[in-house]
Amino acid sequence: MVVGSLIGRFCSELRGHDGLWKRLFAVLMRAGKLASRGIAVKIKQLMISGAVALSALGGFIGSAKAHDLMLPGAAFAIACDNGGSYVLRSRPVLAPGQIVTGELRLSPRHAIPVRLIPMGDGYRYAGRGVWLDGINDQALLYLRKDQPIPCVVSRI
């Protein structure tokens, strides 16, 4: 009974995130006062309920942080002077500063994995034997080493 009320108080204290550890400490102090007043609290039950509450708290906080920081992927259409039309899709990243990867679709069934390499003023998506250098919406697509193809990039 006492353990159930402690868990209820703990969960009600967690609704606000300000001073989380201060509130956790206060709830545990209340449990100690209840035990010293003669209310029988089995230490095993208290430890198990605390472990369950902390694991639920850790899961809640961990999932909120990962969801808040996720940056969605993007898709770009690449129209080149050779008449080719290609699609570049980047994958989502969990935090700013992580490596951005994606795929460059040269045909509906042929995708090449690429990685974003930030350049001084522009960008480069590089894959095995293929890369795209660009500044804003103007880019050069290299399907071969010494033959750049001028392209225009637009967001889909």
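Since every read-out is calculated from the coordinates, none of them should be taken as a lab result. Owing to the predicted nature of the structure, the values given are computational and were not obtained by experimental measurement. All Cβ positions, glycine included, derive from the backbone under ideal geometry; neighbour counts span all protein chains shown.
Using only Cα coordinates, the Kirkwood hydrodynamic radius of the range 75-155 works out to 12.8 Å. Think of each Lys and Arg Cβ as +1 and each Asp and Glu Cβ as -1; about the Cα centre, that makes the dipole of the range 97-156 roughly 280 debye. Between residue 77 and residue 95, residue separation times 0.36 nm minus the direct Cα-Cα distance comes to 4.0 nm.
Between residue 128 and residue 144, 0.36 nm times their residue separation minus their Cα-Cα distance comes to what?
So the extension gain works out to 4.7 nm.
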